[in-house]
1. Compute the Cα gyration tensor for the range 66-197, then decide on rounded, prolate or oblate, letting a ≥ b ≥ c be the square roots of its eigenvalues: rounded whenever a/c is under 1.5, prolate when a/b is larger than b/c in the other cases, and oblate in all that remain.
2. Could you pull out every residue, at least 5 positions away or on a different chain, whose amide H is within less than 5 Å of the one on residue 92? Hs are placed 1.01 Å off N in the peptide plane, and Pro or chain starts have none.
3. Just report the Cα centroid separation between the range 180-213 and the range 21-60, whole Å.
4. Packing-wise, with mean Cβ within 10 Å as the measure, how do 50-61, 354-365 rank, highest first?
5. Where both partners of a DSSP beta bridge lie in the range 217-370, what percent of those bridges are antiparallel, to the nearest 5?
6. Using only the alpha-carbon atoms of the range 357-440 as identical scatterers, what base-10 log of I(q)/I(0) does the Debye formula give at q = 0.15, 0.21, 0.23 Å⁻¹?
7. Cross-chain or 8 or more residues apart, Cα under 24 Å: how many lysine pairs in the range 217-370 fit that? Count them up, please.
8. Starting from a Cα-only point model with no solvent, please compute log10 I(q)/I(0) by Debye for the chain at q = 0.06, 0.09, 0.11 1/Å.
Amino acid sequence: MYAPTKRQEKTYTVDEFMQKLEQRYPLQKNYLQAVREFMEVVIPFINSNPKYHGYKLPERLVEPDRLISFRVSWTDEKGEIHVNKGYRVQFNQNIGPYKGGLRFHPTVNEDILKFLGFEQVFKNSLTTLPMGGAKGGSDFDPKGKTDNDIMRFCQAFMLELYKYIGPDRDVPAGDIGVGGREIGYLYGQYKKITQQHVGVLTGKGLSFGGSLIRPEATGYGAVYFAGEMFNRQGWEFEGKKCLVSGSGNVAQYATEKLIDLGAKVVSMSDSNGTVFMPEGMTREQWEWMMILKNERRGRIEELAEHFGFVYLEGQRPWGIKADFAFPCATQNEISHSDAVQMIENGVKAVVEGANMPVELEAVHLFHNKGVLYAPGKASNAGGVAISGLEMTQNSMRLSWTRKEVDEKLKDIMRDIHDQCVKYGAEAQDNSVNYVKGANIAGFVKIADALITQGVV
Ligand code: NDP
């Protein structure tokens with residue numbers, strides 16, 4: 001085993017490290033936030049573990065292996081030409097091929113994709129499956145576009161992206177704005193260009209290599225993870241009021257699982273507003289919402305109108321009284337002042353379905369006030385875990401049943417929870433700091449692989 005020539009006993013403080021990174025990337029606020037949250041627990045861990053000294057692990061982990069950006073020119077169905085930016089951030093490949101979603105949203109830029117790619121590295125490590133971390137996407141806005149336009153854009157995007165991906169190299173999936181429809185068009189184009197029918201994307205349709213439970217996996221997984229947290233506290237879902245934000249893929253299936261477990265989902269939302277359902281959403285209302293969102297591509301306001309619920313225009317759900325919160329929409333959707341209000345309203349646990357939906361100050365507040373808080377890299381890892389199992393099924397040319405995949409998802413979420421307890425349990429009262437647990441558990445596996453593979 002190689003060793004650094006000069007082992008430093010105490011390497012960094014978090015602020016020293018972050019200052020250098022802030023100088024290098026002053027405008028990348030989301031990326032800096034994600035790195036700071038991680039380093040606040042990992043740098044002290046490195047400092048107290050000499051086996052990690054001197055390898056420059058923090059520096060090596062925060063720089064992506066490469067950041068690919070490209071122009072996407074495409075013509076809409078009316079003949080108008082559009083130009084978008086496309087990206088793939090291949091962050092870390094130490095424990096497996098690059099793996100992570102594609103996001104189509106007007107806010108996509110290097111900052112957003114670096115934050116997501118960085119988180120993905122440690123999330124994938126936590127799943128225990130052999131997957132490196134990546135993220136990609138475009139500033140293309142699918143909202144209001146026709147199916148034809150979506151297809152044309154996806155084809156133009158893949159015409160460039162295909163050069164950098166492959167089943168043993170980099171396997172993208174969905175994220176905001178990229179669901180089954182987009183993955184279908186992207187896959188069709190990949191196959192057309194390369195003449196290969198391989199597991200190069202996950203989230204595929206069932207008829208061409210997709211896995212059962214993949215659409216449900218992130219939302220179900222977050223609720224399974226919450227179940228593990230609540231078991232430790234002796235809490236139950238039955239009758240508990242839950243705030244859910246978002247009404248996309250993750251929110252939809254978190255809501256379904258919460259309803260199945262007897263919880264009362266009192267809110268869903270989109271970027272225009274929130275629907276407030278005081279008695280909790282019923283199964284029938286959920287089914288109506290699924291058609292509204294996935295077939296008619298409608299807005300959450302229509303759910304409120306149809307069932308006579310209160311619609312809180314321009315508002316997020318965080319002012320509503322509830323027991324638990326499941327933010328499932330987007331980054332930084334819970335501010336410090338939202339967190340103050342949630343605590344006043346009696347929220348006892350916050351479980352992230354989205355990536356980094358809670359601002360760092362609010363995370364600290366939840367921690368200090370004893371609100372149970374699960375970071376997305378642990379609680380929303382179910383999606384990528386089942387993507388990993390989709391890759392396995394593709395390689396083995398077989399498909400597991402719904403029950404088999406759901407059982408594997410439960411096992412993986414339980415295992416991630418166990419890792420959080422292992423590295424995050426506090427000696428004084430045996431409470432679990434899930435931020436500490438998830439980040440250190442994710443780090444250890446990557447760091448050990450990185451050290452073993454030499455300076456590359
Ligand atoms: P979708 O595109 O299916 O849904 C996103 C939802 O969030 C929509 O309801 C959308 O509303 C809302 N939203 C998006 N941006 C904003 C905003 N700025 N303010 C308020 N609401 C907003 O995406 P997913 O459900 O797939 O992803 C949601 C989150 O979960 C993201 O953070 C993603 O990174 C994370 N995630 C997703 C995984 C997956 O498997 N899909 C896996 C792990 C994490 P509107 O329609 O108005 O834009």
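1. Values: a/c = 2.05, a/b = 1.58, b/c = 1.30.
Note, shape of the range 66-197 comes out prolate.
2. Close amide H contacts, sequence-distant or interchain: 65, 133.
3. If we compute the Cα centre of each part, the gap is 36 Å.
4. Numbers: 50-61: 16.9, 354-365: 21.6.
Those peptides, ordered most packed to least, come out 354-365, 50-61.
5. Details: 8 of 18 bridges.
Antiparallel bridges: around 45 percent, rounded to the nearest 5.
6. For the requested q values the scattering log ratios are -0.64, -0.96, -1.06.
7. Summing the qualifying lysine pairs gives 20.
8. These q points yield log10 I(q)/I(0) values of -0.24, -0.56, -0.85.
Throughout, read-outs are computed from the coordinates displayed, never taken from laboratory work. Just so it is clear, the structure is predicted and the values come from calculations on it, not from any experiment. Glycine also receives a Cβ, built like all others from the backbone with ideal geometry; neighbour counts cover every protein chain displayed.
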